[in-house]
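First up is the structure itself, then whatever we jot down about it.
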Amino acid sequence: MKLLSPIALVLLANNAHAGDFVSDGFGLVPATAISEQRAAWAGLIVRPDGEIQQPPEDAETVLIFVGPKSLVAGVDDGHAVTLNFDRHGNFVADDLPVDFRLGPQRVTDPETRYGIGDVLFRPDPSAGVFLTGATIQERQSARATYRVTADLESIKLQNQPVEGQLSFETFATLSTAPLTDKFGNVANDGVSAKMTITHGDGAFTVLTPVVSDGSAQSKLLTRDIPDGGAMTTTLGLVASAATDLPVQPLGDLVPAELRLWAIPEIEAVAFRAGPILTDAGHLLNDGASVKVTVQGASGASATADGWLLDGTFQTFLTLDPKDGPFEVEFSTPLGTYHKRQSLRAAPGGMALEGAE
Amino acid sequence: MPPHGLQTAQQTSEESAGLRLLLVALAGVVLFHGGLLPFTHGNTYDAFIHMFFGDSYHRSWFDPWEPRWYTGFATTSYPPGTHMAIAGLMHLMPLRAAFVVVQLVGLLLLTVGVFRFSRLWVTARPAGFAALALVLSSSISETVHLFGQLPTIFSLGVFLNGLPYVYRWIVIGGLPNLAASVTFASATTAAHHVTTLFGGVLFIIPLAVQALRAVAELNPSPKSRLASVLRFARPFGRGILLAVLMVGAMVLTVFPYWSWSINDPITQVPIPHGSRESFIERKDLGFVFFVLPWGIAILFLPYVIYKTFTTRLLPLGLSVLLCFVLGTGGTTPISRAILHGAFDILTLDRFTFWATILILPFTGYMIDGLLLGRSGEVIRAALGRGVHRMIVGGIFLSMTLIAAFAAILPTIQPTQPRFIDPVPIAKFLEEDEHDRWRYLTLGFGDQFAYLSAQTEAMSVDGNYHSARRLPDMTRFSVERLENAKYLGVPGLGSLRQFLVNADSYNLRYVFSNDEFYDPILHFTGWTRLNRLANGVIVWERQDVTPLPVFLPRREISPVHAIMWSVLPPTALFMAATIFFMTLLRRGFGGHSPEMRPLVARPKDFSNVRLVRTVVLVLGGLAVIGAGTLARWVWIESQKPAPPETVIEAYFDDLDFRRFQPAYDRLDPETRPDFEEVMFNWRWRGGLLASYGKLSDMRMVAHNKTDNLIDWTVELDLLTSINTRTEILEVRTVRRGEHWFLAPTNLRQVQTPVRLQREGTVAWNVVGRRQPRPETDLHRDRLDRPRIAVSDARLVQRNGRYSVLGALTNADADPAFVSVFSSLIAKDEQMLRQSTGEVSSQRMLPAETSGFRIDFEGVLSLEDEEALGNFDPTLFIPPELSAPPDTASIEARAVVAGRDLYRGVALNGVRIADKDGTPVVSGLAVNTGTETATIIRIIALLYDDEGLPVWAEAGFVETNIYPGQSAPFQFALPARDEITVIADLSQERLMVNGSTMQADLGLPTARDGTLPMNGVDGYSTMRLHVSTFTYDPLF
């Protein structure tokens, strides 16, 4: 008998310390002490260069991987792969059949090469999450999943028409029609689009709708937009036709009441406008932008801007109270008022505020 | 003097008194400082750093490589004596207790040392008073309880105990004295080498002069001049020999430190330190580094000067005065003239500290005179016993109060954040292999060092700037990364480099205790995870490469390692042995004939009336002067401030959250209630109000009358993202003589509904799907989302290089995207950077956005900016071997489920040309249900050929509650500022590890963009809005 030294035992076991011991039905023997004959008893094949190979045994562990995680319907192919190990952790032999279950499909053609079985597959173009598994030599893998998603490039994008006219300072829900691809799959929740409203004065409003329950939805708050406009939705390369967004205009009910009075202790002039009544049956909204310019008889003028609160606006201006009468120009979203005015008595509950 | 060996009864009595005073002083140290230490050391600057070093040696005594800071550094960068003492004690007690014990031992050594040192200059009783004065010294209180400087105290204590041997060696020789001197020099160096270095000049030279004087007195003048000179030859020679041996000991004891200093010289920008400032211009620093440590002792300086030039204390006095001058820092040019280049490296408060130690023999002599000597007699005779008691009591009371004040100052004016329990953080790092990555802390102050000591995880930051080796840290003068906001934009620039290029440093976790950094964390791609039990927020950067298994380290030779581990503790042990042997054999109070202290001579004083007159006149003048000063201060404080001052003070108050004083500056006639004004302030949070720090302001008046002035005020606010200028219109109103600000109002738009109802999509990236301990099962992983980079280009603008393009998430899942780019010249890769704020790191499925990567270098020591004032707009061009001709991009993504709020719409967007600068403006409206704290808008600009040519990020300045809105405006560069250098071809792009991108239909300049009509050079613009939705800070 010839002692082989050094002898390297190649194992792909999970927990074994390869190269230390050989275990067989005759007991546990240090690998360095094993002889050719003993190696043959243990089923080891001895190579002349001193390497010993363990012949593969039946499959014991099957690991499955399927990717990519999201396959676009009708576009992407999936790839399912199994790694197949025997009880020692070695790869199994070649040419073993692998039975893949891929959602509704079953593929039995693949055979192992170097212990690995794999198959490229084209999933059905129906969106959803599908379970997969693989079987080899009656050993099964754990289950894995893959997902088929809608083909966004084949979606026909259409906005839902807006009913009636939008009011100022309100939320309006803007949405698209259900987003389905050519296979009838609905776009996933969370997909993002872009809604752009082009206004008549050249301004734009930009919203980021997100798909929920099959359609892209966003909210528009009709604030500081001069009028409605035309809305277009874009998702990737796909764009919808323009949809009109009419906004109901407001008019004033009566011209705004304007009042000027003196603040002698600081030699200034106070101004108050309002309440601004609208033809919609309510005051003009809080936060509506306003601006006042007051010019005295000498030509000196002062300007202040701010916002309405409870339908009124008041401020004080760096003007000499003796410089009256005054020309007042007061602008609101409803229009501009002009008035020639002299000083009057201060109203009750005077509060002078600057603008932010 | 009596013959050798014989002492008079008076001397014996005085020796006993001196020893009793020393014992009282030692008891005082234990009771006063020892009683305070357990409560104050956690509030100091340096204590935790020394604890960290102690922990380092405790974990590994013989390996001086510490991997936990700065990607690793050598502990041979700091003398180890005190740290090894802590490490040794840690086998018996916890870390903090070990620190307290070592510090207390240092104080006791210092007390004995002061007594023994003073004995060389004055007799025993004054030396005892000197020791007592040390206990009540405000500089000791400050050094121990405010600064936490352990090696300074310990090393000086060792050093002073070695000086009697130095003195005896010079005067009388004796090999035991030489050995003891060298041993103590070695032990001092083991604790802190700077004490030996400067102590040699400031303490030993005066002592040597005193020793030579003693030699002269012990060897009265011989007959010849030659003999007169030669009598000094041997003592002088002994002094030279001692100096040589001390230098040798200093070098040998910490030889690895010197080797490290020479081979790895400190290549960093000088760290600003308050002790180098002018104390007249910076009174706050003058208080901390000059007034407080001197305390009442500064009043003794005239006495010191008098005794210096009239007694044998001349050498000591000159040393006191030299240290006094050097300790004034930049107040005069004298310190810099004396120290030259060392001025910018040394912290000059050490000279003030040494001055307050050197002065103690004078102090002890003065107190002895006041209590039991001639000075007391004079005062009692001239002014009476009552005044004498008041003076003496006043001195002791003042010393005690100032010392106590210095000790409790951190509780009055905290210098550190509230205590942060490190345990939850250490546990987080231990779980789930989180310590496979590096971490960073923000807002921890010096407690970061204490946290470091509790974990084996590694940080890119550290708390010992001399050991920094990373170019990104050495070249910015930031003491710690997390100190960034206190040093303005340059500090934040250094922090930003780490947050943006986190992958390069394997940096994955940030523990934040300061919400100031929230914006930069969020908008550079960090995700807020959770709040730990100690209130600290954990931030995570996804998709960061973990640390390699084998980390690079500096190999320190085994010889050096053994030297470092053995020599310093051996030196300390030997010094301790000598100390105790001396104590047991001779004690510290005995008198030796070679000692020639200053002895008080009794002398009659006859001019009692003169003294009384002078004192009363001076006292009267002082009272009149104080009264006049007080009256002037009162008058000045009552003068009405001009309106500019009122405006400045108002915004300053708001910046420092002093709301009542700010409210008091509003017009009392028109301001609402305090609660209403507070409500308005609280409502208006967001990037500037919540996260901004006021750095400068300017104001211009217009519309002036006598009582009303309108101002345009520009506020420069530093945020962690950038500096921003907020422009406000402010009105001031005069009421009587005083100016006030007119209160401002918010735009009170109303959320249209009272209850919002909205269906939203929520994601949860599950991660671990089963209750199994494995951290990363393959079956639980999601593969990378499909992303695409398109139309990438290398451009140049204003001399700066950028890579930009469009990024699309072509997957069905939301993605967190990391994009890196490298500049390339002639196929050689030069500089690699990652995206910062101009990139939407978190993208929904089917979203497209622009990105831009800017290439910036690191401040070099040769740059003028390294020396001068900080410039908020500072940009450091990268150091490139050649101009780049192309670039490469690597992008990768992981599935993300957080920070995907898209509820913000942009109403009324306009693009206008303002003086050649395109400006985008509009109204950001929050239509969703979450509060939008900070909103970022990324604009990708397409040129006339329909290719991206620039990407810019704008931020909305205020937070927006649901249903509310805020205006925004940001500028874009003019097209002619941008030069396209190269379009990046497909082979320059690597996406998710592959150079082959999927054949996807990607949006172009016409898809989902806004036309830029009337703006030269641009055709369309793509806008992407992302939002930081954590609760707004107030």
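The values are calculated or read from the model by the stated rules, or taken from the named source; none is laboratory data. Since this is a predicted model, take the numbers as computed values, not measurements. Cβ placement follows ideal geometry from the backbone for every residue including glycine, while neighbour counts extend to all protein chains displayed.
Odds and ends about this structure:
- Answer from B:Thr111, B:Thr82 - the residue that is closer than 22 Å to B:Leu36 by Cα, in a helix (DSSP H, G or I), assigned by TED's automatic domain parsing to the domain that holds B:Gly148 and touching a Pro at 6+ places or on another chain (Cβ under 6 Å): B:Thr82
- Any hit, segment A:152-172, residues being within 8 Å of chain B (Cβ to nearest Cβ), out of contact with any Pro (no Cβ under 7 Å at 6 or more places or on another chain) and among the aromatic types (Phe, Trp, Tyr): no
- Residue list for segment A:294-303, filter: away from every other protein chain (no Cβ under 12 Å) and crowded, with 19+ Cβ neighbours inside 10 Å: A:Val294, A:Gly296
- The lone exception for A:Ala177 - which of (1) more than 10 Å from every other protein chain (Cβ to nearest Cβ); (2) out of contact with any Asp or Glu (no Cβ under 9 Å at 6 or more places or on another chain); (3) of a type in the set (A, V, I, L, M); (4) touching a residue at least 60 places away in the same chain (Cβ under 8 Å) it fails: (4)
For every residue, the table says whether it meets (1) at positive phi; (2) touching a Lys or Arg at 6+ places or on another chain (Cβ under 7 Å); (3) at pLDDT 95 or above.
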| site | (1), (2), (3) |
| --- | --- |
| A:Asp151 | no, yes, no |
| A:Ile155 | no, no, no |
| A:Val162 | no, no, no |
| A:Phe168 | no, no, no |
| A:Phe204 | no, no, yes |
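- Of all residues making up segment A:283-303, the number that are over 47 Å from the mean Cα position of the chain (by Cα) and outside any loop (DSSP other than H, G, I, E, B): 4
- Out of B:His145, B:His50, one residue alone is buried (at least 22 other Cβ atoms within 10 Å of the Cβ), more than 21 Å from B:Ala187 (Cα to Cα) and under 25 Å from the mean Cα position of the chain (by Cα). It is B:His145.
- Counting only residues that are facing chain B (nearest Cβ under 9 Å) and over 42 Å from the mean Cα position of the chain (by Cα), segment A:304-330 holds 5 of them.
- Within segment A:180-225, the only residue that satisfies the criterion of being more than 7 Å from chain B (Cβ to nearest Cβ), among the aliphatic types (A, V, I, L, M) and in contact with a helix residue (DSSP H, G or I) (Cβ under 8 Å, 6 or more places away or on another chain) is A:Ala187.
- Members of segment B:14-52 found to be over 25 Å from B:Thr411 (Cβ atoms) and in contact (Cβ under 8 Å) with a residue 60 or more places away in the chain, listed by number: B:Glu14, B:Glu15, B:Ser16, B:Ala17, B:Gly18, B:Leu19, B:Arg20, B:Leu21, B:Leu22, B:Val24, B:Ala25, B:Leu26
- Residue within segment B:596-603 that is touching a strand residue (DSSP E or B) at 6+ places or on another chain (Cβ under 7 Å) and within 30 Å of B:Phe498 (Cα to Cα) present: no
- Hits in segment A:124-140 - residues which are in a loop (DSSP other than H, G, I, E, B) and either more than 20 Å from A:Asp189 (Cβ to Cβ) or among the β-branched types (Val, Ile, Thr) (or both): A:Asp124, A:Gln137, A:Glu138
- Test: residue in segment B:985-1004 that is under 26 Å from A:Ser154 (Cα atoms) and acidic (Asp, Glu): yes
- Taken together, the residues in segment B:372-390 that are in contact with a His (Cβ under 7 Å, 6 or more places away or on another chain) and farther than 14 Å from B:Arg612 by Cβ amount to 1.
- Selected residue [away from every other protein chain (no Cβ under 12 Å) and either among the charged types (D, E, K, R) or under 25 Å from B:Pro785 (Cα atoms) (or both)] from A:Arg139, A:Arg143, A:Arg147: A:Arg139
- Cβ-Cβ under 6 Å pairs, at least 6 apart or on other chains, segment B:121-144 side in contact (Cβ under 8 Å) with a residue 40 or more places away in the chain, far side part of a helix (DSSP H, G or I) and charged (D, E, K, R): B:Thr123/B:Glu14; B:Ala124/B:Glu14; B:Ala124/B:Glu15; B:Arg125/B:Glu14; B:Arg125/B:Asp368; B:Pro126/B:Asp368; B:Ala127/B:Arg119; B:Phe129/B:Asp368
- Segment B:412-425, residues that are surrounded by 18 or more Cβ atoms within 10 Å (Cβ to Cβ) and not in a loop (DSSP other than H, G, I, E, B): B:Ile425
- Condition check for B:Pro315: part of a helix (DSSP H, G or I), in contact (Cβ under 8 Å) with a residue 12 or more places away in the chain, surrounded by 24 or more Cβ atoms within 10 Å (Cβ to Cβ) and assigned by TED's automatic domain parsing to the domain that holds B:Leu132: no
- Cβ-Cβ contacts under 8 Å between residues 6 or more apart (or on different chains), taken from a first residue in segment B:741-758 that is closer than 18 Å to A:Thr222 by Cβ to a second residue that is β-branched (Val, Ile, Thr) and assigned to a loop (DSSP other than H, G, I, E, B), are listed as B:Pro752/A:Thr170; B:Gln756/B:Thr929; B:Glu758/B:Thr929.
- Here is the figure for segment B:666-679: residues that are in contact (Cβ under 8 Å) with a residue 60 or more places away in the chain, more than 11 Å from every other protein chain (Cβ to nearest Cβ) and either aliphatic (A, V, I, L, M) or surrounded by 17 or more Cβ atoms within 10 Å (Cβ to Cβ) (or both) total 1.
- Residue match in segment B:563-575 (condition: modelled with pLDDT under 85, among the aromatic types (Phe, Trp, Tyr) and at negative phi): no
- So B:Asn534, is it in the same structural domain as B:Glu456 (by TED's automatic domain parsing), over 26 Å from the mean Cα position of the chain (by Cα) and surrounded by fewer than 17 Cβ atoms within 10 Å (Cβ to Cβ): no
- Test result for A:Gly228, modelled with pLDDT under 95, more than 8 Å from every other protein chain (Cβ to nearest Cβ) and closer than 19 Å to A:Gln165 by Cα: yes
- Once segment B:996-1034 is narrowed to residues that are aromatic (Phe, Trp, Tyr) and over 13 Å from B:Leu941 (Cα atoms), the residue that is farthest from the other protein chains (Cβ to nearest Cβ) is B:Tyr1030.
- Flag if B:Ile911 is touching a His at 6+ places or on another chain (Cβ under 7 Å) and either crowded, with 21+ Cβ neighbours inside 10 Å or within 10 Å of chain A (Cβ to nearest Cβ) (or both): no
- Residues (part of a helix (DSSP H, G or I) and within 19 Å of B:Val700 (Cβ to Cβ)) located in segment B:640-660: B:Pro643, B:Glu644, B:Thr645, B:Val646, B:Ile647, B:Glu648, B:Ala649, B:Tyr650, B:Phe651, B:Asp652
- Candidate set: segment B:966-995, residues that are aliphatic (A, V, I, L, M) and within 14 Å of chain A (Cβ to nearest Cβ); chosen: the one farthest from A:Leu235 (Cα to Cα): B:Ala966
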